[in-house]
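Structure, as structure tokens:
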Amino acid sequence: MATLLVNLWWLIPLILLVVGYKLVLRVFGVVIVPNNSIGVVNKKFVIFGSHRTLPDGAIIALHGEAGYQADQLAPGLHFFLWPWQYHISLQPFQTIKEGFVGVVEAKDGHPLSGGRVLAKRVECSSFQNARLFLENGGERGPQITIIPPGTYRVNTALFQIAEEPVTEIPDNKVGLVTTKEGKALPKGDIAGKEIAGHNMFQDGQTFIDSGGFKGRQEQVMLAGRYFVNPRFATVETVDMTTVPIANVGVVIAYVGDPGVDVTGDAFKHGNLVTPGQKGVWVEPLDPGKYPINTWTHKVEIVPTANVVLNWADNKSEAHKLDEKLSTITVRSLDGFTFNLDVAQIIHIPRTDAPKVIARFGNMPNLVTQVLEPTIGNYFRNAAQGSDAIEFLKHRKERQDDAKASISGALTDYNVGAVDTLIGDITPPPELMKTLTERKIAEQEQITYGTQMEAQKVRATLQQETAMADTQPQVVTAQRTVQINEFEAQAIVKKAEGVAQSKTINAEADARVLKLVGDAEGVKITAVGTAEANVIKLKIASMQSQNYAAIEVARALAGSSNKFVPDIVAGGSGTAGGNESSIVNVLLANLILEGRKKNEGAEEATT
């Protein structure tokens, strides 16, 4: 074992060399700087030369003086840096993470001057060249220039770097900026005017060189990410100004050039100026979102739709303009005190909104300074000129009169009165009791009338019910009557038929008799004519008296009458005289019978 150790003695120096080679090299003045580091050199002493010590107040050596050197060692091998004269500190690279910026403070350089709080920008390769920084007049203290995210070889003997979050402006927000460096604001100004070219306050040196002012700024920052040096400017985020639908935004500017009134002599209650000037802008903002600097501008929201204001306890609309209004207490002419609720609907035109703000400052002032006293006094005056009951009874007329009167009063203030509505009226208890009793009496009268009508309806219902119950018998009777009528009509029709038949038969018989009579007449005429002709012939052959006597005798012979008595009484006349009398009698009888026959024939014919 001992022999083995003796044979391997040479390994011991080799192991020591491998383990401590850097120490060995360091002894010989060789320094190895890793790839992710730099070497900060501190020179302990200087034996020869004119620059053996640093100037007064200096920290970093530029000419080889004893102390921290401006030039750092880059990664790699460096020679002749004897350990007894130089102390080398290895420092990792300076890395600025994403979402942060590097804020730099220099430990050496010229002192700040002119009341400035931040050192001016100098070209020094993002603080990676300490020598260049000092030679270009770099100033000690907080630097206005920042280092963006990345990795840098920074001499930590000269520069101290702190990470700060980048400036983030969220959506629907605006950034209000306050700078800590720049010129002093002029007297009377509250914010610095907008300066061009500084890239949203990310280039502080350009802002200062362009004449930027210290303090609050008019310019705002919109949504986004910005590399702003927090030692140069602070940013406060606020919501964007929103003008809701059915509203306009009247802008009151506290900055800008002195405004010139554009309303003329017609409007004497304030000045309206063009946008960009100091004062109330004549042109309002329409509904939308606006990046308004709330430090330098104020936007008063004015509703352009109808607004309802309630004079009622514990009742308020969403706009809260009427949250301090209460029920109106009035006193009537007859000494009664009672409460009434009122709702007033107003409308402010878009073009008149700036005038309202110029006159009153805001909408709540309009309510308290105009609407509240105008409407309250109107109803108090109206109540004092009327009895309580009359006021209650003529509510509609009072409401119409209130609308007209209040509309005329509000027109002078550029406010339109759409309508005035009277709500609940709370009369005094003693008056309420009288009205209640009167109303109860009226209602009882109505109730009695209703009951009477109900009884009438009930009687009608019972009558209709009874009629409905007897309806089957009525229907049966009606049907019986109809059947009887039909039967009677049938009999009448039958009789009419028989009569008509008999009439027709009689007419036919009469025609037959007439025809027969006519024929007989013709026959008789013919026979008579013939007989007449015979008689003429007979007469012609004998004397007419003899012929007549013969015919009379013939007729008497054919008759059944006794014309010659069985006993003939004698007279004083002659035989010839008696014979003549008898003949005369017979002729008269014959003529009479002939007339009777003719009359009978005429009746038969008729």
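Read-outs: derived from the displayed coordinates by stated rules, not from any lab. Predicted model only: the values in this text are computed from it and were never measured. So basically every Cβ, Gly included, is an ideal-geometry build from the backbone, and we count neighbours across all protein chains shown.
Brief remarks on what is shown
- Backbone geometry of the range 184-201 corresponds, through the Karplus equation with coefficients 6.51, -1.76 and 1.60 at θ = phi - 60°, to 3J(HN,Hα) couplings of 6, 5, x, 5, x, 8, 10, 7, x, 5, 5, 10, 8, x, 9, 6, 6, 6 Hz, x marking Gly and Pro.
- Chain lengthening between residue 290 and residue 400 when straightened (0.36 nm per residue, less Cα-Cα): 35.4 nm
- The range 157-281 - share of DSSP beta bridges that are antiparallel (%, nearest 5): 75 percent
- Listed peptides 163-170, 475-482, 184-191 by packing density, highest first (mean Cβ within 10 Å): 163-170, 184-191, 475-482
- Modelled label reach - residue 468, point 7 Å along Cα→Cβ, the range 437-462 residues with backbone N closer than 11 Å: 461-462
- The Cα-based radius of gyration and maximum Cα-Cα distance (Dmax) for the range 26-92 are 12.2, 35 Å.
- Distance between modelled label sites at residue 387 and residue 453, nm, 7 Å Cα→Cβ extension: 3.0 nm
- The range 197-221 and the range 454-472 have Cα centres separated by 101 Å.
- Per-peptide average of other Cβ atoms within 10 Å, ordering 346-352, 265-271, 127-133 highest first: 127-133, 346-352, 265-271
- Footprinting exposure proxy ranking of 240, 452, fewest other C-beta atoms within 10 angstrom first, gives 452, 240.
- Residue by residue, the range 314-321 carries 3J(HN,Hα) couplings of 6, 9, 8, 7, 5, 6, 6, 6 Hz when phi is fed to the Karplus relation 6.51 cos²θ - 1.76 cosθ + 1.60 (θ = phi - 60°); x denotes Gly or Pro.
- From least to most packed, judged by other beta carbons within 10 angstrom and beginning with the fewest, 326, 501 follow the order 501, 326.
- Computed E for residue 36/residue 98 - FRET, C-beta separation, R0 25 angstrom, nearest 0.05: 0.85
- A Förster distance of 35 Å, applied to the separation of the beta-carbon atoms of residue 362 and residue 117, puts the FRET efficiency at 0.35.
- Scanning residues 5 or more positions from residue 292 or on other chains, those with amide H under 5 Å from its amide H are 241, with H placed 1.01 Å from N in the peptide plane.
- Phi to ³J(HN,Hα) by Karplus 6.51 cos²θ - 1.76 cosθ + 1.60 over the range 108-122, Hz, x for Gly, Pro: 9, x, 6, x, 5, 9, x, x, 6, 10, 10, 6, 5, 7, 10
- With both labels modelled 7 Å from their Cα along Cα-to-Cβ, the residue 269 to residue 317 distance reads 1.9 nm.
- Shown is the FRET efficiency for residue 445 and residue 326, computed with R0 = 60 Å from the Cβ-Cβ distance and rounded to the nearest 0.05: 0.95.
- Residue 484-residue 501 pseudo-label distance in nm [points 7 Å out on the Cα-to-Cβ vector]: 2.8 nm
- Amide H contacts of residue 315 (H built 1.01 Å from N, in plane; Pro and chain starts excluded): no residue 5 or more places away or on another chain comes under 5 Å.
- Highest mean first, the peptides 416-429, 76-89, 213-226 sorted by other C-beta atoms within 10 Å per residue fall in the order 213-226, 416-429, 76-89.
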